[in-house]
Amino acid sequence: MKLYALNMFQPVGERPPPEVLDPIMKELFEIRRELEMAESWVFGAGFHEPSASTVVRVRGSDVVATDGPYTEGKEHLGGITIIKVQDLDEALEWAGQYARITGLPIEVRPFQSEG
């Protein structure tokens, strides 16, 4: 089995209203249940807006923390789901379900080590 991250990218801005977001979240919960039943669920969570992030860098001999995202953009990493599946094809199938429900791009990225 291999570990994959399903990275969900969303536009910067206000959250959709509950009447739009609630049905999407319900469907995402169902996918999670399917992943759990298949023993493929590892972890998943959404992130706060990019403005809530802190970037840590080394400058000379100092470690400096600055507020804000690493990069500015029209989209940001809104959440991740870690799955454990047989291969890339299976990971892409799950990512396709997430993309169909959310209408958002989903990046599928394998981990370097086996799960």
>> Quick check on my filter: what residues within region 102-115 are more than 17 Å from LEU3 (Cα to Cα) and free of Cβ contacts under 8 Å to residues at least 12 places away in the same chain?
In response: GLY103
>> Quick test of your reading of the structure: ILE80 fulfils all but one of (1) in a helix (DSSP H, G or I); (2) touching a residue at least 24 places away in the same chain (Cβ under 8 Å); (3) in contact with a strand residue (DSSP E or B) (Cβ under 7 Å, 6 or more places away or on another chain); (4) not acidic (Asp, Glu). Name the failing condition by number.
In response: (1)
> Which ones in region 2-61 are touching a strand residue (DSSP E or B) at 6+ places or on another chain (Cβ under 7 Å) and aromatic (Phe, Trp, Tyr)?
Replying inline: TYR4, PHE9, TRP41, PHE43, PHE47
> Would you call LEU104 among the hydrophobic types (A, V, I, L, M, F, W, C), surrounded by 10 or more Cβ atoms within 10 Å (Cβ to Cβ) and part of a loop (DSSP other than H, G, I, E, B)?
Replying inline: yes
> Just checking, how many residues over region 39-84 are basic (Lys, Arg) and under 23 Å from PHE111 (Cα atoms)?
Replying inline: 1
>> Every residue in region 34-61 that is loosely packed, with under 11 Cβ neighbours inside 10 Å, closer than 14 Å to GLY78 by Cα and in contact (Cβ under 8 Å) with a residue 24 or more places away in the chain, please.
In response: ALA45
> Got a sec? Which of ILE82, ILE31 is surrounded by 14 or more Cβ atoms within 10 Å (Cβ to Cβ), modelled with pLDDT of 95 or more and in contact with a helix residue (DSSP H, G or I) (Cβ under 7 Å, 6 or more places away or on another chain)?
Replying inline: ILE31
> Of everything in region 85-101 that's without any contact (Cβ under 8 Å) to a residue 60 or more places away in the chain and either surrounded by fewer than 11 Cβ atoms within 10 Å (Cβ to Cβ) or charged (D, E, K, R) (or both), which residue is nearest to ARG15 (Cα to Cα)?
Replying inline: ARG100
>> What pairs come out if I take residues in region 1-18 that are touching a residue at least 60 places away in the same chain (Cβ under 8 Å) and pair them with residues that are polar (S, T, N, Q) whose C-beta lies under 6 Å away, six or more apart or interchain?
In response: LEU6/THR81
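The values are calculated or read from the model by the stated rules, or taken from the named source; none is laboratory data. Values in this document were obtained by computation on a predicted structure and should not be read as measured data. Using ideal geometry, Cβ is built from the backbone for each residue, glycine included, and neighbour counts are taken over all protein chains shown.
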